[in-house]
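The values are calculated or read from the model by the stated rules, or taken from the named source; none is laboratory data. Everything numeric in this text was worked out from a predicted model, so none of it was measured. Glycine also receives a Cβ, built like all others from the backbone with ideal geometry; neighbour counts cover every protein chain displayed.
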Amino acid sequence: MEAASNRTQQHTACPSEALLLLLFLLLLTLVSGCVSLRVDRISKGGEIPLPAPELKKGEATLGEVLAHHGAPTDILDMQGKFALVYRRSYYRGGQISIGIPLSDVIKTGLNLDAAGNLMRHDLLVFVFSNDGMLEDISYEKGTVRPFWNTFLK
């Protein structure tokens, strides 16, 4: 009777065993040094603060803006007006590569690469009349691209 019950029990592969095998292979790849990770961080320009609340359109002067925010990144001539531009661009990116060198066995390699990047822009612009009175303020933080379109309309 006992022999008959042993015959009816068959060993089937459990999904959790396959998952454990996959995790073991991944761990083996990590330990063997076939994984590389690269992180890039690049920043051009200084930190851009929020516009000072006391700088109001039609009331503030060029001297007050310069006293609060310091020297601008750029000065633009805008056909009868001019603008002080404070700009910062920064990039964060990374790449991870997982490779299993199989060139000794099958004359090829197995590679898996993933990469991403994130270029962002902070921009603060003060537009002045020719006599130095503040006419407009624009501020954006962390945009995908600079918003020059708002000044070119």
Handout entry: Qualifying positions in the stretch 54-71 - touching a residue at least 24 places away in the same chain (Cβ under 8 Å) and part of a loop (DSSP other than H, G, I, E, B)
Key = Leu55, Lys56, Lys57, Gly58, Glu59, Ala60
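Would you check which residues across the stretch 105-138 are surrounded by 10 or more Cβ atoms within 10 Å (Cβ to Cβ), of a type outside the set (A, V, I, L, M, F, W, C) and either at positive phi or at pLDDT 90 or above (or both) and list them?
Taking the stretch 105-138 as the starting set, the residues that turn out to be surrounded by 10 or more Cβ atoms within 10 Å (Cβ to Cβ) are 109-113, 115, 117-129, 132-138.
Now drop any that are not of a type outside the set (A, V, I, L, M, F, W, C), which leaves 109, 111, 113, 117, 120-122, 129, 132, 135-136, 138.
Hits for the stretch 105-138 are Ser129, Gly132, Glu135, Asp136.
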Fill in the blank from the handout: Scanning the stretch 54-81 for residues that are under 27 Å from Lys44 (Cα atoms) and in contact with a helix residue (DSSP H, G or I) (Cβ under 9 Å, 6 or more places away or on another chain), the one modelled with the lowest pLDDT turns out to be Met78
